[in-house]
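Beneath this line is the structure, given in structure tokens, with notes to follow.
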Amino acid sequence: MAQVLVVVEHGGGQVKKVTLEMLTLARRLGEPAAVVLGGPGAAAELVDTLATYGATTVYTAEHSDLEEYLVAPKAAVLAELVGQVQPAAVLIGATQEGKEIAARLAVKLDNGLLSDISDLAADGTATQEIFAGSTIVTSKVTKGLPLATVRPNSLTPEPVESAAAPTVTAVEVTVDDSAKLAKVTERVVEARSARPELTEASVVVSGGRGVGSAENFKLVEELADLLGGAVGASRAATDSGFYPHQYQVGQTGKTVSPQLYIALGISGAIQHRAGMQTSKTIVAVNKDGEAPIFDLADFGVVGDLFKVVPQAIEELRKRK
Amino acid sequence: MYAHLNGGSSDAMNIVVLVKQVPDSGAERRLQDTDHTVDRASGTNLINEMDDYAIEEALRLQEAQGGEVTVLTMGPEQATESIRKALSMGPDKAVHICDDALAGSCALATSKVLAAALRTLSPDLVLCGAESTDGRVQAMPHMLAERLGMAALTGARKLVVENGTATIERQTEDGYEVVTASLPAVVSVWDTINEPRYPSFKGIMAAKKKPVTVLSLADLGIEPSEVGAAGATSAVLAHQLRPARTAGQKIVDEGDGGVKLVEFLASEKFV
Ligand SMILES: Cc1cc2nc3c(=O)[nH]c(=O)nc-3n(C[C@H](O)[C@H](O)[C@H](O)COP(=O)(O)OP(=O)(O)OC[C@H]3O[C@@H](n4cnc5c(N)ncnc54)[C@H](O)[C@@H]3O)c2cc1C
Ligand SMILES: Nc1ncnc2c1ncn2[C@@H]1O[C@H](COP(=O)(O)O)[C@@H](O)[C@H]1O
């Protein structure tokens, strides 16, 4: 059976969930083979997890150039590997970096590219959700092999029943100067919250313009913490400086699909819905009974969030 | 080093801004039933929002350093409207790649066409939006950089160009990173980078007289079979509308809204 290359998304020595989702998808098309692209020593701590989710081979491409320059070296290594392995398909996470690697790979291989897919069938037919999730499309690459970026949180990762120790193959990395044009000179890690990652969380509590200030966002955080959730925000809230931009949910922000999404003081514009409407259960608190967010809420409270939320927090504490 | 350009300091640049016309993302958008391509006839078409930020950034660089700003669009005839709108913000001229054979082009083909046009313009800096609201592929800057052998600095929330070097700051999952490259380079911008200006009345009047060069595929030496539906490297097989979510229970807070909310969460086993 031909291999399906899955480009591993990793950070802080851990495999990101989207990778496990891709390994789960890959099994439908062939033998999953994970590709770790990173600095020296990046792969060692990832191999076990990758095997648990079905990787029978792990290709490790480790070189400081892969970290020091933006994506072009990674795309070059990957193109080389595709040439050697002749895989049945290539799957890459639909993250900022993943999309960029995929774009370059498509040009290098002169191969069609399917972006942001949410499902993939054994015959390479992909599902995409477009126009703020309002239209569902099935599509296929018609030139070259199935090459796709996979939207995080699109399916539930499944471990394999009996994972065998994978074959670990080191890939030789020689990066041409032409791929070393964009140099990363600084990486700044800002205070990282202890909350679950927004796109992976099973509960997301988001605040909008109605929350009113950065200070008031503490209320949103408090509710999120009581439910073990992540905090999100509408664009009106991030643009107003109430909450950092990386927590924006929606068309130009993150797409989330948690079990529970709570929208506080958010009107529910199309661009916001684009990022949250596939959530399993949606709860909304808004003082305007006509707000469009109520059209998709499973449970809506028409009321002042500064009364409703503190009371809910108190009630949750009582029940703990 | 950019002596071939008129006016300004030695940092004066030839800047090309990529502008795409897209259907309004705030309204209902659809694909045509016949060929699954974007229906551009029924709704309002606008400049892709992030491209406004690219135009603004180009104008700020021009104001500070001199040089020239050219708008480049690949799109159908009606994209002219967006091109004039872009010019009304301040750029000097525009190039519009317009050819019937381009309908239904995939990202790969679009990048081939835009790259060919960029080669004729020999820019020092290519500015574009980080992503388009209809495609959302974030592919164009890297596809173009790959084809042109330039660096791509993507998702900038801050851009500085000095001594032939572009440096950006961009948001990451847990902070930000600083990335730098020598010119020429492609830089894509996020909507956090600036606040785009509104066209002035004077700008709107001036835009009507600014030169817009229309290029066909033949002008760029590209065969019609390489692009459009004929040369597409991926195909949409089918599309359907997502069934609308149905609204559930809605209560009006009468002093017990918070408790009711928690009761609902408990009934759904979230607490
Ligand atoms: C190209 C483009 C991309 C975009 N991308 C995104 C995106 O990614 N994400 C996104 O969110 N938006 C996005 N937007 C913006 C979007 O159109 C809306 O403007 C935005 O979502 C509005 O945010 P909001 O609901 O917080 O604010 P508003 O629409 O102002 O709504 C605030 C709500 O709070 C309620 N409220 C006020 N006070 C209280 C109170 N005390 N108690 C209870 N309720 C209260 C009000 O009734 C109102 O419904 C985008 C727009 C464009 C053009
Ligand atoms: N047809 C086009 N004409 C001009 N610019 C484009 C075109 N398509 C994409 N772009 C540019 O590339 C950016 C990223 O688009 P995308 O890769 O489609 O998400 C956009 O914000 C535009 O600046």
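Against the numbered list (1) closer than 15 Å to B:PHE264 by Cβ; (2) touching a helix residue (DSSP H, G or I) at 6+ places or on another chain (Cβ under 9 Å); (3) open to solvent by 20 Å² or more (accessible area, probe 1.4 Å), A:GLN259 comes up short only at (2).
Among the residues of segment A:233-244, those that are in contact with a Gly (Cβ under 8 Å, 6 or more places away or on another chain) and within 10 Å of ligand 1 (Cβ to nearest atom) comprise A:ALA233, A:SER234, A:ARG235, A:ALA236, A:ALA237, A:THR238, A:PHE242. Take the conditions (1) closer than 22 Å to B:HIS36 by Cβ; (2) within 9 Å of chain B (Cβ to nearest Cβ); (3) open to solvent by 10 Å² or more (accessible area, probe 1.4 Å); A:ALA102 misses just one of them, which is (3).
Before we move on, is B:VAL137 closer than 17 Å to A:ASN111 by Cα, among the β-branched types (Val, Ile, Thr) and within 16 Å of ligand 1 (Cβ to nearest atom)? Let's see the steps before the verdict.
Working: closer than 17 Å to A:ASN111 by Cα: yes; among the β-branched types (Val, Ile, Thr): yes; within 16 Å of ligand 1 (Cβ to nearest atom): yes.
Answer is yes for this residue.
Report the residue count in segment A:250-268 for those that are at the interface with chain B (Cβ under 7 Å from one of its Cβ atoms) and near ligand 1 (Cβ under 9 Å from one of its atoms). Show your work before the answer.
So in segment A:250-268, the residues at the interface with chain B (Cβ under 7 Å from one of its Cβ atoms) come out as A:251-252, A:260.
Still in the list and also near ligand 1 (Cβ under 9 Å from one of its atoms): A:251-252.
Total meeting the criteria: 2.
Filter segment A:295-306 down to the residues that are touching a residue at least 24 places away in the same chain (Cβ under 8 Å), surrounded by 23 or more Cβ atoms within 10 Å (Cβ to Cβ) and facing another protein chain (nearest Cβ under 7 Å) and list them by number. Step through it out loud before you land on a result.
Here is the first cut: in segment A:295-306, the residues touching a residue at least 24 places away in the same chain (Cβ under 8 Å) are A:295-297, A:305-306.
This time we only want the ones that are surrounded by 23 or more Cβ atoms within 10 Å (Cβ to Cβ), so: A:297, A:305.
Listed by number, the list holds a single entry, A:ALA297.
Which count do you get for residues in segment A:237-284 that are in a helix (DSSP H, G or I), charged (D, E, K, R) and either touching a residue at least 40 places away in the same chain (Cβ under 8 Å) or within 16 Å of ligand 2 (Cβ to nearest atom) (or both)?
Kept after step one, since they are in a helix (DSSP H, G or I), are these residues of segment A:237-284: A:237-239, A:245-247, A:270-273.
From what is left, the residues that are charged (D, E, K, R) are A:239, A:273.
Within this subset, residues satisfying the condition of being either touching a residue at least 40 places away in the same chain (Cβ under 8 Å) or within 16 Å of ligand 2 (Cβ to nearest atom) (or both) are A:273.
Residues meeting the conditions: 1.
So, in segment B:191-223, of the ones that are modelled with pLDDT of 95 or more and within 14 Å of another protein chain (Cβ to nearest Cβ), which residue ends up nearest to B:LEU153 (Cα to Cα)? Spell out the reasoning first.
Taking segment B:191-223 and keeping what is modelled with pLDDT of 95 or more, we get B:193-223.
Narrowing the set further to residues that are within 14 Å of another protein chain (Cβ to nearest Cβ) leaves B:193-196.
Numbers: B:ILE193: 14, B:ASN194: 17, B:GLU195: 20, B:PRO196: 20 Å.
Checking each candidate, the answer is B:ILE193.
Could you say whether any residue in segment A:208-218 is part of a loop (DSSP other than H, G, I, E, B), among the aliphatic types (A, V, I, L, M) and surrounded by 12 or more Cβ atoms within 10 Å (Cβ to Cβ)? Within segment A:208-218, one or more residues are part of a loop (DSSP other than H, G, I, E, B), among the aliphatic types (A, V, I, L, M) and surrounded by 12 or more Cβ atoms within 10 Å (Cβ to Cβ).
Scan segment A:307-320 for residues that are open to solvent by less than 10 Å² (accessible area, probe 1.4 Å) and within 7 Å of another protein chain (Cβ to nearest Cβ) and jot them down. The answer is A:VAL308, A:VAL309, A:ALA312, A:LEU316. Where strands (runs of 3 or more DSSP E) fall entirely within segment A:133-193, those with at least 3 residues that are within 11 Å of another protein chain (Cβ to nearest Cβ) are at A:135-141, A:147-150, A:183-189. Among the candidates B:ALA94, B:ALA107, B:ALA101, B:ALA79, the residue that is open to solvent by 10 Å² or more (accessible area, probe 1.4 Å) and in contact (Cβ under 8 Å) with a residue 40 or more places away in the chain is uniquely B:ALA101. Filtered by the rule that a residue be aliphatic (A, V, I, L, M), closer than 20 Å to A:THR19 by Cα and either without any contact (Cβ under 8 Å) to a residue 24 or more places away in the chain or open to solvent by less than 30 Å² (accessible area, probe 1.4 Å) (or both), segment A:115-146 gives A:ILE117, A:LEU120, A:ALA126.
Of the residues that make up segment A:84-94, is at least one more than 10 Å from every other protein chain (Cβ to nearest Cβ) and open to solvent by 40 Å² or more (accessible area, probe 1.4 Å)? Please lay out each step first, then the result.
So the first thing to find is which residues in segment A:84-94 are more than 10 Å from every other protein chain (Cβ to nearest Cβ), and the list is A:84-93.
Among the residues that remain, those that are also open to solvent by 40 Å² or more (accessible area, probe 1.4 Å) are: A:84, A:86.
Yes, some residue in segment A:84-94 is more than 10 Å from every other protein chain (Cβ to nearest Cβ) and open to solvent by 40 Å² or more (accessible area, probe 1.4 Å).
Does A:VAL231 meet the test of being part of a helix (DSSP H, G or I), closer than 22 Å to B:GLY257 by Cβ and out of contact with any Pro (no Cβ under 9 Å at 6 or more places or on another chain)? Break it down stepwise before answering.
On the way: part of a helix (DSSP H, G or I): no; closer than 22 Å to B:GLY257 by Cβ: yes; out of contact with any Pro (no Cβ under 9 Å at 6 or more places or on another chain): yes.
When the stated conditions are applied, A:VAL231 does not pass them.
A count restricted to segment A:198-223 and to residues that are within 13 Å of chain B (Cβ to nearest Cβ) and either more than 23 Å from A:LEU155 (Cα to Cα) or among the acidic types (Asp, Glu) (or both) stands at 4. Say we look at segment A:285-294 and pick out the residues that are facing another protein chain (nearest Cβ under 9 Å) and either within 16 Å of ligand 2 (Cβ to nearest atom) or more than 29 Å from the chain's Cα centre (by Cα) (or both); which of these is least open to solvent (accessible area, probe 1.4 Å)? Out of the qualifying residues, it is A:GLY289. Among residues of segment B:40-58 that are within 11 Å of another protein chain (Cβ to nearest Cβ), those with a beta-carbon under 6 Å from a residue that is more than 10 Å from ligand 2 (Cβ to nearest atom) and assigned to a strand (DSSP E or B) at least six positions away or on a different chain give the pairs B:GLY43/B:PRO23. Of all the numbered requirements in (1) more than 14 Å from chain A (Cβ to nearest Cβ); (2) near ligand 2 (Cβ under 10 Å from one of its atoms); (3) in contact with a Pro (Cβ under 9 Å, 6 or more places away or on another chain), B:ILE97 misses one, and that requirement is (3). Report yes if some residue within segment B:173-188 is within 14 Å of chain A (Cβ to nearest Cβ), free of Cβ contacts under 8 Å to residues at least 12 places away in the same chain, open to solvent by 50 Å² or more (accessible area, probe 1.4 Å) and assigned to a strand (DSSP E or B); otherwise report no. No, every residue in segment B:173-188 fails to be within 14 Å of chain A (Cβ to nearest Cβ), free of Cβ contacts under 8 Å to residues at least 12 places away in the same chain, open to solvent by 50 Å² or more (accessible area, probe 1.4 Å) and assigned to a strand (DSSP E or B).
The values are calculated or read from the model by the stated rules, or taken from the named source; none is laboratory data. For clarity, every value in this text was computed on a predicted model and none was experimentally measured. For neighbour counting, all protein chains shown are included, and Cβ atoms are generated from backbone atoms with ideal geometry for every residue, glycine included. Ligands, DNA and RNA are excluded from the accessible area calculation, which covers all protein heavy atoms including side chains. Shrake-Rupley method; radii C 1.70, N 1.55, O 1.52, S 1.80 Å.
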